[in-house]
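Scroll down for the structure; my scribbles are underneath it.
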Amino acid sequence: MAANIVSELEKLDLPALAYCHETITESRKNGENLVKIIQERLTYSLICLDPEHLRDKAWRRITSADTFRSNVVFGCVDEVHLIKH
């Protein structure tokens, strides 16, 4: 889903990233430090995150960075999965 949203945003010339399994895997293969790129807002103005990555250690490192936090303007939840424990 995140990839579809990013595809539409790219048509509007908005630098966006789908933080999903495919993107994470590709960045690792290319030797890119995706955490640093997102933390320091080096490339992307908008990050679309698949829900399953909300609990990742890497995502927690990203969201704990001062630069990232100071640049967050808006947060939105598009889908929610409820699990009864």
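Looking only at residues that are in a helix (DSSP H, G or I), of a type outside the set (Phe, Trp, Tyr) and touching a helix residue (DSSP H, G or I) at 6+ places or on another chain (Cβ under 8 Å) in region 60-76, which one is surrounded by the most Cβ atoms within 10 Å (Cβ to Cβ)?
To start, the set of residues in region 60-76 that are in a helix (DSSP H, G or I) comprises 60-64, 66-71.
Applying the additional criterion that residues be of a type outside the set (Phe, Trp, Tyr) yields 60-64, 66-67, 69-71.
Filter once more, keeping what is touching a helix residue (DSSP H, G or I) at 6+ places or on another chain (Cβ under 8 Å): 61-63, 67, 69.
Values: Arg61: 14, Ile62: 22, Thr63: 14, Thr67: 11, Arg69: 11.
Result: Ile62.
With the requirement that a residue be modelled with pLDDT of 85 or more, over 11 Å from the mean Cα position of the chain (by Cα) and in a helix (DSSP H, G or I), what does region 33-59 give you?
Lys36, Lys57 - these are the residues of region 33-59 that are modelled with pLDDT of 85 or more, over 11 Å from the mean Cα position of the chain (by Cα) and in a helix (DSSP H, G or I).
If a residue must be in a helix (DSSP H, G or I) and surrounded by 15 or more Cβ atoms within 10 Å (Cβ to Cβ), how many such residues does region 4-32 contain? First the steps, then the outcome.
The initial filter retains those residues of region 4-32 that are in a helix (DSSP H, G or I), namely 4-11, 21-29.
So of that shortlist, the ones also surrounded by 15 or more Cβ atoms within 10 Å (Cβ to Cβ) come out as 6, 9, 23-24, 27.
The total comes to 5.
Could you count how many residues in region 33-51 are free of Cβ contacts under 8 Å to residues at least 12 places away in the same chain and over 24 Å from Leu12 (Cβ atoms)?
2
What are the pairs with Cβ atoms under 9 angstrom where one residue, in region 14-31, is in contact (Cβ under 8 Å) with a residue 40 or more places away in the chain and the other, located anywhere, is of a type in the set (Phe, Trp, Tyr) and not in a strand (DSSP E or B)? Sequence gap at least six, or different chains.
Tyr19/Trp59
The values are calculated or read from the model by the stated rules, or taken from the named source; none is laboratory data. Being a predicted model, the structure only gives us computed values, none of them experimental. Every residue, glycine as well, gets a Cβ built from its backbone with ideal geometry; the counts of neighbours run over all protein chains shown.
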